[in-house]
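The values are calculated or read from the model by the stated rules, or taken from the named source; none is laboratory data. Keep in mind it's a predicted model, so treat the numbers as computed, not measured. Note: ideal-geometry Cβ built from the backbone for every residue, glycine included; neighbour counts use all protein chains shown.
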Amino acid sequence: MAESLLARAEAFIAAQRPNWPGWAATMLGIGVALYFALPVEPPLWWGIAAAGVSLILAVALRRRALVLLVLAAVTVAALGFAAATLRTITVEAPQLYRSLYRAEVTGRVLEIELLPRSQRVVFDSLAISSEKTGLLPPGETPERVRIRLARVVEPLRIGDWVRLTADLQPPSPPAIPGGFDFRRQAYFEGLGGVGFSLQPPLKIPPPPETGFSPVAAGLAWFDALRLAIGERLQAQLPGPTAGMAMALMVGNQRALTAADVAAMRDSGLAHLTSISGLHIGLAAGIFFFGLRAALALIPPLALRYDIKKWAAVFALAGAAFYAGLAGLPVPTQRALLMSAVFFIAILVDRSPISLRAIAVAAIIVLLWAPEVLVGASFQMSFAAVLGLICAFEATRGLFTRWRQAGQEAPDFLGRLVRVTQRGSTGLAALILSSLVATVMTAPYAAYHFDRLAVYGIAANMLAVPLTGFWVMPWAVIVLIAMPFGLEAWPLVALGWGCDGIIRIAHFFADLPGATLLVPAMPVWGLLAMSAGLIWLCLVIGRGRWLGLAILLVGVMSPLTHEAPDILASGNGKLVAVKDAEGNYRFNSGRAARIAAETWLRRNAQTERLPFPVTGTGSAGGDSCGGAMCRFATTVGYVTVALNETGIAPACWSGRLVIALEPVDRPCPSAERVIDFFDLWRHGTHAIWMKADGSYRIERAFDTGERPWKLQRFPKGRSEPETETPATAAAGAIAQEDGLISTDASGR
């Protein structure tokens, strides 16, 4: 019996041989995920030792096929673990641990993003000082900071050296326990602080040159070109139209207005503003088919040479240029790698569309930047491409037979049938691709953004063809015409297409029920859905349908989520308490906007409801005054001291006390006191009340001892921050800049 089962397992694994590269990429991702799931930072030798031991065992036991494959999988996973550990070590750089008010910042302009009414600039080679800290020592000076400039008198260029006064904040920690950690993302981006400046920067002479780096010079050239193109688009197109054009041409999503960003998100078209597989593929296709068609008009070349391979080389170069122009974000890197594999396959006379191509791209990306695995961008882009390739392979025969039907008929009716069938084939392919991409990315949209676009398929069926057949060709023409100053007329046509995309987005976003709010999904639910989708796509044979059962388990996971009953923000300004209907009620309608939006979204709630008014509670015994609020719960009374005056009554009447001010007195009736210093030290507190009278508390900063964790007391320092209105404003803008970014989900 055991031998029979073993033989079946070996036969099943052997049947999967064509998709082994895909499984290798999956195991590599499992190793990376395991690294980020650890509560402590592992030493580098853990991953290396695990890979070495499993490799030695695999060689020693290579005659046992099943054992060999298991050990090979462990080896690949260990390599992913080691790659993530090594990446963390190599990018290590200081991050601010405290707010700096009116800090003097001197540095070099590294990146510039044009916003609708301001600019966002990344500086490196920094010197930072403030009245409270003096000049930061090298061990505490960030490698890079990102500052929003409210005023710019003299235009900045990449490489300029400037001095400015700014309010700086540490990169934001999670707004809720288990939520999106912008501080971790900033760590891997080399970003040590964020902030804003109301005063225009002052250009200063650069220091003596320390050397020349061809790579840095090339990146700086692309950054300068991106900025110049953006400025010309802003000068010649209306604001919203220019924002869409900049997003599609140079990858600057920040140029979009807030209303357009919301419409693109709610209509399911947000992926169009991130230069990824669709855009790189369209640009490469334009270059490939354009050059091939042009060369076909020259018979001596077309008959003597393989112009298809010439066009492939040209298309790959054009795709690489477009990717560089977009700034090489993660989706663009993945798309460029996919394009490279595609065109290299053409050069070596192999099939360019296969699961091996996406597997190779995933392996390269994960080895180069393992941290992208935990981001929404990587997950959604690879899920969409994986689904499209699987759907293409599953339906290739059907579409081929459909297109070939009627080709033998020579008469007019036969030609009409062929035209109709080709048109219907294209329409069916468009519908299928929109459906597959939507289904494959839905789990990740639900997990990271807590919402689904109900009309996403319909919106994509209109916007994607408009982008592919009108906007992208005109964008290429505009780029070609710009060096000669001839872009005015092509820009008009490009503007029409960009306006069309915006109108489609607003039309579907404004329909009733355009978005479906989804309660927060647990991590295990996302893992289950990912496993189910991968199993469906990679497994060969009838066993693949087991993936549907795994997928269904993940789909049901939001039903198991229990939202916290009470939340208190890390800045000590916002408290939310769940009422009898399951909605959060807040002590403030304005404070901690990003935290409030995150809490509401994870609770599938749209409106910030106020605390109950004195004398009218949402449940028996609830009351709220100007200084203290009291709530009846399963654990007894929970009191919230809103200011210093409310501390004494809160302490005398609550079993659990939350104080938004420091508590320096005993609380006789309180079993647990959470005051301002607790919130400041440990971040947002989430509290779950249990029916048996007990409660559970989780804190946002309890993410384990990792290099990116916010350390409030580095090197023995223990003074708390004194927040002024100015630093509070800096924190709000810093959080907005951090949490609403290309890859930030805001969970």
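Among the numbered conditions (1) buried (at least 18 other Cβ atoms within 10 Å of the Cβ); (2) small (G, A, S); (3) closer than 22 Å to A384 by Cα, the only one that A531 does not meet is (1).
Summed over the range 492-502, residues that are surrounded by 20 or more Cβ atoms within 10 Å (Cβ to Cβ) and under 30 Å from A442 (Cβ atoms) total 4. Would you check which residues across the range 458-491 are surrounded by fewer than 16 Cβ atoms within 10 Å (Cβ to Cβ), touching a residue at least 12 places away in the same chain (Cβ under 8 Å) and of a type in the set (A, V, I, L, M, F, W, C) and list them? Across the range 458-491, the qualifying residue is only A488.
Of the numbered conditions (1) closer than 30 Å to E393 by Cα; (2) under 24 Å from the mean Cα position of the chain (by Cα), P39 fails exactly one; give the number of that condition. So the condition that P39 fails would be (1). The set of residues in the range 60-102 being farther than 22 Å from K709 by Cα, touching a residue at least 12 places away in the same chain (Cβ under 8 Å) and charged (D, E, K, R) consists of R102 alone. Criterion first (hydrophobic (A, V, I, L, M, F, W, C) and surrounded by fewer than 17 Cβ atoms within 10 Å (Cβ to Cβ)) does V152 satisfy it? So V152 fits the description; yes. Tell me, please, whether a residue that is among the hydroxyl-bearing types (S, T, Y) and either surrounded by fewer than 20 Cβ atoms within 10 Å (Cβ to Cβ) or assigned by TED's automatic domain parsing to the domain that holds L34 (or both) can be found in the range 352-375. Looking for residues that are among the hydroxyl-bearing types (S, T, Y) and either surrounded by fewer than 20 Cβ atoms within 10 Å (Cβ to Cβ) or assigned by TED's automatic domain parsing to the domain that holds L34 (or both), one finds none in the range 352-375, hence no. The set of residues from the range 470-486 being out of contact with any helix residue (DSSP H, G or I) (no Cβ under 9 Å at 6 or more places or on another chain) and part of a helix (DSSP H, G or I) comprises P483, F484.
Scanning the range 448-462 for residues that are within 13 Å of P519 (Cβ to Cβ) and assigned to a helix (DSSP H, G or I) yields one hit, F449. Quick check on R87: is it among the charged types (D, E, K, R) and either over 25 Å from A362 (Cα atoms) or at pLDDT below 95 (or both)? Taking the combined requirement at face value, the residue does not satisfy it. The set of residues in the range 322-341 being free of Cβ contacts under 8 Å to residues at least 40 places away in the same chain and out of contact with any Phe, Trp or Tyr (no Cβ under 9 Å at 6 or more places or on another chain) consists of L337, A340, V341.
Note on the range 577-595: residues that are within 20 Å of the chain's Cα centre (by Cα) and of a type in the set (G, A, S) total 1. For the range 548-566, the criterion of a residue being under 30 Å from R98 (Cβ atoms) and touching a strand residue (DSSP E or B) at 6+ places or on another chain (Cβ under 8 Å) is satisfied by at least one position.
Selection over the range 587-608 of residues that are out of contact with any Phe, Trp or Tyr (no Cβ under 7 Å at 6 or more places or on another chain), crowded, with 20+ Cβ neighbours inside 10 Å and under 22 Å from T633 (Cβ atoms) gives a count of 2. Consider the range 609-625 and keep the residues that are crowded, with 21+ Cβ neighbours inside 10 Å and not in a strand (DSSP E or B). The one that is modelled with the lowest pLDDT is D622. Under the condition of being without any contact (Cβ under 8 Å) to a residue 24 or more places away in the chain and not hydrophobic (A, V, I, L, M, F, W, C), which residue from the range 534-565 is surrounded by the fewest Cβ atoms within 10 Å (Cβ to Cβ)? Among residues in the range 534-565 that are without any contact (Cβ under 8 Å) to a residue 24 or more places away in the chain and not hydrophobic (A, V, I, L, M, F, W, C), the one surrounded by the fewest Cβ atoms within 10 Å (Cβ to Cβ) is R542.
Any idea how many residues of the range 31-56 are buried (at least 18 other Cβ atoms within 10 Å of the Cβ) and either in the same structural domain as L538 (by TED's automatic domain parsing) or among the hydrophobic types (A, V, I, L, M, F, W, C) (or both)?
Matching residues across the range 31-56 total 4.
Of the set (1) in contact with a Ser or Thr (Cβ under 9 Å, 6 or more places away or on another chain); (2) at pLDDT below 90; (3) closer than 19 Å to I275 by Cα, all apply to V365 but (1).
Modelled with pLDDT under 65 and surrounded by 15 or more Cβ atoms within 10 Å (Cβ to Cβ) - does that describe any residue in the range 415-434? Checking the range 415-434: at least one residue is modelled with pLDDT under 65 and surrounded by 15 or more Cβ atoms within 10 Å (Cβ to Cβ). For the range 591-607, the tally of residues that are of a type in the set (G, A, S) and in a loop (DSSP other than H, G, I, E, B) stands at 3.
May I ask you to verify whether V109 is more than 24 Å from G178 (Cα to Cα), among the β-branched types (V, I, T) and touching a residue at least 60 places away in the same chain (Cβ under 8 Å)? Here the answer is no, as V109 does not meet what is asked.
When V162, V194, V145 are screened for being crowded, with 18+ Cβ neighbours inside 10 Å, assigned to a strand (DSSP E or B) and over 29 Å from the mean Cα position of the chain (by Cα), only V162 passes.
Across the range 114-142, what is the total count of residues that are acidic (D, E) and either in a strand (DSSP E or B) or within 17 Å of A220 (Cβ to Cβ) (or both)? Counting residues in the range 114-142 that are acidic (D, E) and either in a strand (DSSP E or B) or within 17 Å of A220 (Cβ to Cβ) (or both) gives 1. Taking the range 503-523 as the range and being assigned to a helix (DSSP H, G or I) and either modelled with pLDDT of 95 or more or surrounded by 21 or more Cβ atoms within 10 Å (Cβ to Cβ) (or both) as the test, the residues that pass are R503, I504, A505, H506, F507, F508, A509. Checked against (1) surrounded by fewer than 17 Cβ atoms within 10 Å (Cβ to Cβ); (2) closer than 27 Å to W470 by Cα, L237 meets all criteria but (1).
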